[in-house]
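Presented below is the structure to which this report refers.
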Amino acid sequence: MTLTKKMCAATAMLALVLPACGGSDGTVLGGADSEQGASRTSDDMAVEGAPDGSASGGAQETFASAQDEGQVGTAAQLPSIGPSVIKTGSVTVKVEEGSFKDSLQGVIATARAHGGFVLSTDVGGEDARSGTLVIRVPSARFEQVLSEVEDLGELAGESISGQDVSQEFIDLEARARNLRAQEAVLLRLMDRAVSIADTIRVQGELQGVQLEIERIRGQLRYLEDQTSLGTLTVSLQEKGAAPVRAGTIDRALEQALGAALGVVAAVIVGAGAVLPVAVLIAVVLLIVRQLRPRLFTAGPDPS
């Protein structure tokens, strides 16, 4: 009887403990499941929100890319106007004694090797020890030619200048386009003219416009020539030789002195030719003056 009661009491205690254990396990498991569900829900929400986010990010990237492409496209559509510069320079080089002619030919060869040419030379005679050359070379090779010329000897002086004429190019081309449009209008009016007076009036306007177009074309050709080719004045001088006098005022003074000496020489030559004739005439006049009183005082013979 006692054993039976103990067994019943043990069974009742197990019955009470097992549900508690199962409840605690279920609670723990349920909590874990709820946490996992919550995490899955947040992940799912993140995944579901990801397309919108990626779409937003993609839209921003697309907009930025399109903006960049728009900037590139705009830059590509703009006209590329490079600098138009007229390059001029002068350089004085002292060469070794006895090497003037070789240096002179070296400058000429350098200009031709770079696609240029000699515009003018000023060299005095066979025994000259100094001289000046003016060469024109492509503007893109101007600095290289200058460097090679300076390497021919000792640099004694240098002057380089550049004039930007890009704005003049733009203005002249705009005026030329405007005048060509006026020319087209006048040509159409010329075709529609029905009277001689209208034709003459339109023709006068057309000639004025065409003359202005040709003048602008000439200016553009001049600017293109000046910007495409640089001008370099090279003065060569042997060491110990007299300096080169290539200035404009010096040349004018030399020409004036030469002209004055020429006049004096002409006067001397003329005097030498006239003086004998003048002396002869003076002698004849003196003789006539001496004989004239005697001829008038002598009377007729009375017999």
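Every read-out reported here was derived from the displayed coordinates using simple, explicitly stated rules and does not represent laboratory data. Everything quoted here is computed from the prediction, not taken from an experiment. FYI the Cβ positions are ideal-geometry reconstructions off the backbone, even for glycines, and counts take in every protein chain you see.
Assorted remarks:
- ³J(HN,Hα) computed for each position of the range 134-148 - Karplus, 6.51 cos²θ - 1.76 cosθ + 1.60, integer Hz, glycine/proline x: 10, 10, 10, 9, x, 4, 5, 10, 4, 5, 5, 4, 4, 5, 5
- In plain terms, the chain from LYS239 to VAL279 could stretch by 8.8 nm, reckoned as 0.36 nm per residue minus the Cα-Cα distance.
- Relative to the current alpha-carbon distance between LEU220 and ARG188, full extension at 0.36 nm per residue lengthens the span by 8.8 nm.
- Positive end of the dipole of the range 167-228 (Cβ unit charges, origin at the Cα centre): among ALA184, ALA197, THR227, the Cα lying farthest that way belongs to ALA197.
- Three-way shape call for the range 105-211 based on the alpha-carbon gyration tensor, with the a/c threshold at 1.5: prolate
- With K and R counted +1 and D and E -1, the other residues having a Cβ less than 14 Å from that of GLN226 yield a net charge of -1.
- In this calculation the C-beta distance from GLU143 to SER120 is compared with R0 = 25 Å, giving a FRET efficiency of 0.70.
- Seen from VAL91, the other residues with C-beta closer than 14 Å to its C-beta sum to a net charge of -4, counting Lys and Arg as +1 and Asp and Glu as -1.
- FRET efficiency, ARG177 to THR199 (Cβ-Cβ, R0 22 Å, nearest 0.05): 0.25
- Applying the Karplus relation 6.51 cos²θ - 1.76 cosθ + 1.60 with θ = phi - 60° to the range 84-98 yields 3J(HN,Hα) values of 10, 10, 8, 9, 9, x, 9, 9, 10, 10, 9, 10, 5, 5, x Hz, where x marks Gly and Pro.
- Here the range 167-228 is treated with +1 on each Lys and Arg Cβ and -1 on each Asp and Glu Cβ, and its dipole about the Cα centre works out to around 220 debye.
- Extension reserve of the GLU97-VAL267 stretch, reckoned as 0.36 nm per residue once the Cα distance is removed: 56.9 nm
- Calculated from the alpha-carbon coordinates, the range 167-228 shows an Rg and a Dmax of 14.5, 48 Å respectively.
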